[in-house]
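Below you'll find the structure, written out as C-alpha cells, and then a few comments.
The values are calculated or read from the model by the stated rules, or taken from the named source; none is laboratory data. Every value quoted in this text rests on a predicted model; they were computed, and no experiment measured them. With ideal geometry, Cβ positions are generated from the backbone for all residues, glycine too; neighbour counts draw on all protein chains shown. When the accessible area is computed, the model is the full protein with side chains, heavy atoms only, and any ligands, DNA or RNA have been set aside. Shrake-Rupley method; radii C 1.70, N 1.55, O 1.52, S 1.80 Å.
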Amino acid sequence: MKHNLIEFGRRSGNGGHLQGHIMQVVGEEIVKFIEDFKPPKRLKNLKSNPNFKICLPCKMKGGEELESFEMSNSRFKEKVYRIQNETLKFLKSLVS
C-alpha cells in the first residue's frame with residue numbers, strides 16, 4: 001500500500017486510542033464553527049425505500065485476486081482487503 005495507513009495507525013500511540021483523540025479534536029472544531037452549519041435540505045422523495053446490497057471487494061469485477069488479512073482488537077475481528085492499484089466495478093447482477 002502506497003501510504004501504509006493501517007501500519008501507521010498501529011505504530012502511532014496505542015492504535016485505537018489515536019482515533020479517539022482525533023475525533024475529540026474534530027468535535028471541538030465543529031463546536032467552534034457550529035453557527036456556520038446549515039440545516040439539512042429536505043428530501044423530496046420520502047416515499048421510496050432504497051434497497052441496499054452488500055458486496056465484498058473480492059466479489060467485485062477486478063477484485064478476484066485482492067490480498068486479504070485479518071485485523072483484530074479486543075472487540076472486533078474482521079477480514080480486510082488491501083486495494084492498491086485495482087479498479088473495482090460492481091457486477092451487473094448487483095446494479096438494479
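Quick rundown of the values:
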quantity: Answer residue from region 2-44, given it is in contact with a helix residue (DSSP H, G or I) (Cβ under 8 Å, 6 or more places away or on another chain) and open to solvent by less than 80 Å² (accessible area, probe 1.4 Å) and is modelled with the lowest pLDDT among those; calculated: Gly15
quantity: Matching residues, region 55-73, being of a type outside the set (A, V, I, L, M, F, W, C) and either open to solvent by less than 100 Å² (accessible area, probe 1.4 Å) or farther than 11 Å from Leu91 by Cα (or both); calculated: Pro57, Gly62, Gly63, Glu64, Glu65, Glu67, Ser68, Glu70, Ser72, Asn73
quantity: Exclusive hit being touching a residue at least 24 places away in the same chain (Cβ under 8 Å) and either assigned to a loop (DSSP other than H, G, I, E, B) or surrounded by 10 or more Cβ atoms within 10 Å (Cβ to Cβ) (or both), set Val80, Val95; calculated: Val80
